[in-house]
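Only the coordinates and a few stated rules stand behind these numbers; no lab work does. The structure displayed is predicted, hence computed values, not measured ones. Here the Cβ positions follow ideal geometry from the backbone for every residue, glycine too, while neighbour counts run over all protein chains shown.
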Amino acid sequence: MDNSNPFPRDALAPDAQVISLRCHSITQFDPQVLAQAFATRPKAEVEEMLCKILESIAQWLDQVEEGLTTLCFKQIDKPARRIALLAGQIGLTELAVAAGHVGRCAVLGDAFALAATIGRLERAFDQAVTEVWDFRHR
């Protein structure tokens with residue numbers, strides 16, 4: 001029995017080129033939300049609120065990752081929606097959008113898209129933490 005797979009060689013034309021796509025990390029962040037919070041409340045209170053929100057997002061993100069690890073897509077949609085809600089409340093636009101996309105991929109049951117989108121969500125969270133931290137020092 002021949003188990004060879006001719007796909008890679010036969011699927012590409014001899015003159016085909018491989019294109020590398022790069023994702024330029026431009027964090028979508030609405031600083032007005034945090035600026036208003038810092039302008040109307042004591043700094044310590046706003047910082048405590050931000051820490052609680054980011055900690056909650058991290059916990060919801062853990063649940064999303066666990067759902068992917070166990071291939072239990074049903075447990076991913078709810079935490080993804082919570083992340084989107086919390087991120088939107090503090091102006092972390094890219095994080096909110098990525099979380100919405102994760103939820104949609106989970107509902108559709110697309111494991112490959114879900115894994116890629118969760119990776120994007122994780123990167124967006126890392127960038128969001130940096131954005132919030134940097135904003136505090138402006």
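Summary of values
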item	result
Proximal lysines relative to LYS43, as straight alpha-carbon distance under 25 Å, when same-chain residues fewer than 8 apart are discounted	LYS52
17 Å reach of a label modelled at ALA35, 7 Å along Cα-to-Cβ, counting backbone N of the range 59-90	90
Ratio Rg/Rh, restricted to the range 26-136 and using Cα atoms, in which Rh is the Kirkwood radius	1.01
Integer Hz, Karplus 6.51/-1.76/1.60 couplings in order for the range 124-138, x for Gly and Pro	5, 5, 4, 5, 5, 4, 5, 4, 5, 4, 5, 4, 4, 9, 7
